[in-house]
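Derivation of every value follows stated rules applied to the coordinates shown; laboratory data play no part. All figures in this text were calculated on a predicted structure; none of them were measured in a lab. Here the Cβ positions follow ideal geometry from the backbone for every residue, glycine too, while neighbour counts run over all protein chains shown.
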Amino acid sequence: MKKGRYPQAWNSFARLRNTNLQAARDMYYVHCQLEIERKVIGEGSFFTRFRQIFVTPRLRRATIASGT
């Protein structure tokens, strides 16, 4: 769904859930979560976000702490 492939996502949800209603509910929840994520993170690339780990002091300290 993150790449805009909603028909393939629907097929996957429909196979994993018991009913189409459950698949539709979960698909809607994921869609809403992705919209919120886009607003918060933006449309940055993987490398932009990876760079932020080392540039932002708070993220850098958290990365070092999780590594130790």
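Which net charge results when you count Lys and Arg as +1 and Asp and Glu as -1 among the other residues whose beta-carbon is under 11 Å from that of S12?
After counting each charged neighbour, the total is +2.
Kirkwood Rh, the range 28-68, all Cα pairs: how many Å?
Here the Kirkwood hydrodynamic radius works out to 11.7 Å.
What net charge do the residues around R58 carry, taking every other residue with its C-beta under 15 Å from that of R58, with Lys and Arg at +1 and Asp and Glu at -1? If you can, show how the numbers build up before the last one.
On the way: positive: R49, R51, R60, R61; negative: none.
After counting each charged neighbour, the total is +4.
Rounded to the nearest 500, what is the chain's calculated 222 nm mean residue ellipticity when only DSSP H runs of at least 4 contribute -39500 (n - 2.57) each, over all residues? Kindly include the intermediate steps, with their values, before the conclusion.
Working: 4 runs with 54 residues, N = 68.
It comes out at -25500 deg cm²/dmol, rounded to the nearest 500.
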